[in-house]
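For reference, the structure is listed below as structure tokens.
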């Protein structure tokens, strides 16, 4: 986990994450939703974040990963916006703009706000124990459907459940 990441030259991938995204993007619509409070805090601009996501998307596409859409919330934690996780605004926007069945969809994240967003949107949830791993204040009040060590394990669960092999 790197706080306020906006420099494309500093992109690093956790082991297995590209393989996991390859597996997911082959059979599923894959969307990224991200709180970017660094914009509201003045650490970087929304244009910087867009450029960062474009660089990330280029790398992922070269690896055979297709991200269908990128959504960001540029607001700070104290702003009363509907889009900042744990509120479901970005999920609901994606569902309006893309062919998404929320009841059949998943959210995977490393923070309790990701899981709370999924719960508020009716998604199945997976907490990945990399990064924050749901250890931030108040995290124990939020329960994921699954908790795994890495993104590759999350992709395996999603693929197994979606194909009828898992619970």
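The values are calculated or read from the model by the stated rules, or taken from the named source; none is laboratory data. The model shown is predicted, which means the values in this text are computed figures rather than measured ones. When we count neighbours, we look across all protein chains shown, and the Cβ atoms used for this are built from the backbone with ideal geometry, even at glycine.
Things worth noting here:
- Taken over segment 17-42, the criterion of being assigned to a helix (DSSP H, G or I) and either in contact (Cβ under 8 Å) with a residue 40 or more places away in the chain or at positive phi (or both) is satisfied by 17, 18, 19, 20, 21, 22, 23, 24, 25, 27, 37.
- Residue within segment 118-141 that is part of a loop (DSSP other than H, G, I, E, B), under 12 Å from the mean Cα position of the chain (by Cα) and either more than 25 Å from residue 20 (Cα to Cα) or at pLDDT below 95 (or both) present: no
- Pairs, first at positive phi and at pLDDT 70 or above in segment 1-16, second surrounded by 14 or more Cβ atoms within 10 Å (Cβ to Cβ) and assigned to a loop (DSSP other than H, G, I, E, B), C-beta under 8 Å, six or more apart: 16/150
- Residue count for segment 59-101, restricted to those that are in a helix (DSSP H, G or I) and in contact (Cβ under 8 Å) with a residue 60 or more places away in the chain: 1.
- Among the candidates 147, 113, residue that is surrounded by fewer than 18 Cβ atoms within 10 Å (Cβ to Cβ), modelled with pLDDT of 85 or more and over 14 Å from residue 23 (Cβ atoms): 147
- Annotation note: Cβ proximity below 8 Å between a residue of segment 45-58 that is within 12 Å of residue 11 (Cα to Cα) and a residue that is modelled with pLDDT of 95 or more (sequence gap 6+ or interchain) occurs for 53/32; 53/70; 53/72; 57/67; 57/70.
- Against the criterion of being buried (at least 20 other Cβ atoms within 10 Å of the Cβ), at pLDDT 95 or above, within 11 Å of the chain's Cα centre (by Cα) and closer than 29 Å to residue 45 by Cβ, residue 107 qualifies.
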